[in-house]
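So the structure is just underneath, and the comments pick up after that.
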Amino acid sequence: MGGALKGAYAPPLPGIALPPKMDPTVRTYMATVPKNKRGGDKMLLDLNGNQISITIPYKIRTGDGAVRPTKPGDKFKFEWGNREKVIASTLPTLPGTTVVEAKPMIFANISDAFYSRHMNDQTEQTGMSKKVGNLLQEAQTQLLQQAVEAGCNAVLGIHNNVTIDSSGERGNSKIVIVTMIGTPCVIMRLEDVPVVAQTAEAVLIPDYAR
């Protein structure tokens, strides 16, 4: 879940030709897990002549509908698009660049519910930290996709909040909610920003002392 927050925003700088908008289309691809990799690991792929890095899913769904841990040789689907080229940063601006347009703030909400079988189990606690990391990545992906659709190439000033709620007799039922918010912007390198010429008028001041 995500969207844009209502409010005024900064229009493009006058006299600046904005960079072309990126295609927001997201396409689905198929990959095979290498022999030395497992779920959660990163792997490099050659996609249309570009080297990209993707994360192998922890689990896959088999043909009979069952879900099991991912192992070498498994095939899995992943999505890729120009949103991967969008810069994401908690900074309000980036070194060597300038913001030439800013759009209304955008947000993304991701949640997941699960059941903890054993109280104070360190293995399950470690699993929860990985789950939060995955939710943060998913929220950021949604944020970047919204930025592409808004015609932007960066999301700046990103803030996030993670809420964990436990319920049930012993607090074993848990829900994790990740909220991420930022400002979609169009940024340009300083050397690519043209100098905007400004005209000025000189006024003659009479010399009354003479």
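Listed by chain and number, the lysines placed with their C-alpha closer than 25 angstrom to that of Lys6 are Lys21, Lys103; residues fewer than eight positions away on the same chain are left out. Modelled label positions at Ala10 and Gln137, each set 7 Å beyond Cα in the direction of Cβ, lie 3.2 nm from each other. Count charges around Ser53 for me, please; just the other residues with Cβ under 15 Å from its Cβ, Lys/Arg as +1, Asp/Glu as -1. That works out to 0. The distance between label points at Lys21 and Lys37 comes to 3.3 nm (points 7 Å beyond Cα on the Cα→Cβ vector). For the range 60-75, 3J(HN,Hα) computed residue by residue from phi via the Karplus equation (6.51, -1.76, 1.60; θ = phi - 60°) reads 10, 9, 7, x, 8, x, 6, 10, 9, x, 6, 9, x, x, 5, 9 Hz, glycine and proline entered as x.
Between their Cα atoms, which of Lys75/Lys174; Lys35/Lys85; Lys35/Lys75; Lys42/Lys131; Lys71/Lys174 are more than 21 Å away from each other? Long pairs (Cα-Cα over 21 Å): Lys75/Lys174; Lys35/Lys85; Lys71/Lys174.
Write out the trypsin sites (Lys or Arg not before Pro) in the range 1-55 meeting two conditions: DSSP loop, and at most 11 other Cβ atoms within 10 Å of their Cβ. Here the sparse-neighbourhood loop sites are Lys6, Lys35.
No lab work stands behind these numbers, since they all come straight from the coordinates. These figures come from a predicted structure and were not determined experimentally. Positions of Cβ are generated from backbone atoms using ideal geometry, with glycine treated the same way; all protein chains shown enter the neighbour counts.
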